[in-house]
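Written below as structure tokens is the structure these notes are about.
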Amino acid sequence: MPTSLPPTRAEFARTCRRNQRRILWMVLAFMLAFGAVGATVLLIPQDWISPLKDLLAFKVLVFGGFIGLMVGFLAGLIFLASKLEWRCPLCQKKHEGTTTYTLIATGRCPHCLESVWNEPELGHPTPAKNLAQPQHSQAEFESDTHRVRYRWQPVVRYLIAAAVVGLVACLLRPTLAAYWVQSWGPDTLPFLNPLLAAPSITIAFWSVIALSRDLDRQAAHIRCPCCSASLNGGRLTAITGNCHRCGSQVIADPLPRLATPVAQRLLTRAELITPRQRYHQMMPWGCIGGGGLAFAYFGLVMWGLDIPFRGELKPWHALVLSGAIVLQIGGVFAVEYWNSRRSCCPNCHRSLVPLAEYALASGNCPHCGHQVIADNDDDNSLVCYTSPA
Ligand SMILES: [Zn+2]
Ligand SMILES: [Zn+2]
Ligand SMILES: [Zn+2]
């Protein structure tokens, strides 16, 4: 059930923020609860549990407790996520997830393109300076983007190939297993299955890439003439008339910009485009750095404390493992945080980098809705801003 839209854009921004925070707290609380229950179970002496293990009531209690925890968590998550949904008061279409950012940044419904809070229209869209020759009219752009559709043919082709490869792997398994045991012994035999499954999983995964490539091919004619970004997804271009990657105006007759408060200081597009490029380049380093740290810590502790890898699971195994997981996740978050603070909204001080496309297309902050990019931004230092020949 989508909640009814709050009466103003600012209030909607506040409500979304509050609900996002609640979801985050809930996930954290659940992880802590799960860890606490797991640690408690491991701390109970084995001789207490052993006589109970075969009792039906005990099994029901353990299984029921686990299922109850999961169901409670999922129900809470679905309830909170529904608070992020909203219904357009004009076309009645239901929206969820990232469209909230579109609504905060532009004030218009991504479906019917109308102003949902009836805000006054300003004449010039942001950024007014436009050096990418607009190629489409609003009407042409609408009909072109509606023609791009998900097609099943490219996906099915890859799924059939994955099934055939999987079948061949199944048929070959007995022969390969015999050969494996002969060469490396029976201890490492469990590794054979993932190895055999890998090719068909890879091919099946490739169907997702084929799908996005097919969409890209269909949308070849609706690219930004300046930076050649595909303008198909997100509806940001349809609403703002601008490219979501470089901010250039690509629709000749865009919808008027809606009135919104202006931040105390305004940024140039370059102040967003450069940090965003760096952000994407740096992203893998969070995983690599965190993973390396976690791996080194895990190895050192296990080796230093001389904990055997085999045998019964003890509480300290879980502690060591959770330490490694914390390091891995912490590494990712540290790099992500440091990376995203390169460019922030001068009004609400939240990072603009991960959601740069909303600010670049609309000129406004997707967190608070204030205008953050100057209307007269005519920075020519970016390659994209030199008008195409
Ligand atoms: Zn609508
Ligand atoms: Zn562009
Ligand atoms: Zn802001």
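Note on region 56-88: among residues that are over 25 Å from the mean Cα position of the chain (by Cα) and among the small types (Gly, Ala, Ser), the one that is nearest to ligand 1 (Cβ to nearest atom) is GLY68. Can you find a residue in region 72-86 that is outside the structural domain of HIS370 (by TED's automatic domain parsing), in contact with a Ser or Thr (Cβ under 9 Å, 6 or more places away or on another chain) and of a type in the set (Lys, Arg)? Yes, region 72-86 contains a residue that is outside the structural domain of HIS370 (by TED's automatic domain parsing), in contact with a Ser or Thr (Cβ under 9 Å, 6 or more places away or on another chain) and of a type in the set (Lys, Arg). Going by what's in this entry, would ILE273 be described as closer than 22 Å to SER340 by Cα and either surrounded by 18 or more Cβ atoms within 10 Å (Cβ to Cβ) or of a type in the set (Lys, Arg) (or both)? Answer is yes for this residue. Evaluate the following for PRO6: is it outside any helix (DSSP H, G or I), of a type outside the set (A, V, I, L, M, F, W, C) and within 21 Å of GLY97 (Cβ to Cβ)? Spelling it out, PRO6 is indeed outside any helix (DSSP H, G or I), of a type outside the set (A, V, I, L, M, F, W, C) and within 21 Å of GLY97 (Cβ to Cβ).
The values are calculated or read from the model by the stated rules, or taken from the named source; none is laboratory data. All figures in this text were calculated on a predicted structure; none of them were measured in a lab. Neighbour counts run over all protein chains shown; Cβ positions are idealised from the backbone, glycine included.
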